[in-house]
Amino acid sequence: MTESSATRATLESQILALLVEVAPDVDPSAVRPELSFRDQFDFDSMDSFNFAIALSRHFGIDIPERDYRQLSSLEGCAAYLRHRLPTAG
C-alpha cells in the first residue's frame with residue numbers, strides 16, 4: 001500500500017467511524033462509496049446536519065451549510081476533505 005492509498009484509507013476509515021456515530025445502524029463494511037447515504041440507508045436531513053458537525057469537529061474545519069451536498073457520499077466526503085485538509089492529499 002502506497003502512502004497516498006494509506007492516507008486515503010485512513011481518511012475513509014475516519015469518515016465511516018463518524019458516520020456510524022451519527023447513524024449507529026449503518027454497517028460501515030456495506031457502505032458503497034459512490035452512492036449517496038440517503039440512497040443506501042435511512043439518512044435524513046438531521047442526520048446530514050449532525051454528520052457535517054461531526055466532520056467539522058473531528059477535522060477542525062468549518063464546513064459551511066452550502067457545502068453539505070458534497071458530503072452526501074463516502075467518495076464525496078473524502079474528496080471534500082482532501083481538498084480542505086492539506087495533510088489528507
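The values are calculated or read from the model by the stated rules, or taken from the named source; none is laboratory data. Remember, predicted model here, so these are calculated numbers, not experimental data. Glycine also receives a Cβ, built like all others from the backbone with ideal geometry; neighbour counts cover every protein chain displayed.
Here are the numbers for the structure shown:
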{"item": "Odd one out for residue 27 among (1) within 12 Å of the chain's Cα centre (by Cα); (2) modelled with pLDDT of 95 or more", "result": "(1)"}
{"item": "Test for residue 73: is it hydroxyl-bearing (Ser, Thr, Tyr) and out of contact with any helix residue (DSSP H, G or I) (no Cβ under 7 Å at 6 or more places or on another chain)", "result": "no"}
{"item": "Every pair of residues 6+ apart whose Cβ atoms lie under 7 Å, when the first sits in the range 51-75 and is closer than 20 Å to residue 26 by Cα while the second is among the polar types (S, T, N, Q) and not in a helix (DSSP H, G or I)", "result": "72/36; 73/36"}
{"item": "All positions within the range 25-41 that are in a helix (DSSP H, G or I) and either of a type in the set (D, E, K, R) or surrounded by 13 or more Cβ atoms within 10 Å (Cβ to Cβ) (or both)", "result": "28, 37, 38, 39, 40"}
{"item": "Hits in the range 56-71 (condition: more than 18 Å from residue 17 (Cβ to Cβ) and not acidic (Asp, Glu))", "result": "64, 66, 68, 69, 70"}
{"item": "Search result, residues across the range 65-75 that are crowded, with 19+ Cβ neighbours inside 10 Å and over 12 Å from residue 11 (Cα atoms)", "result": "71, 73"}
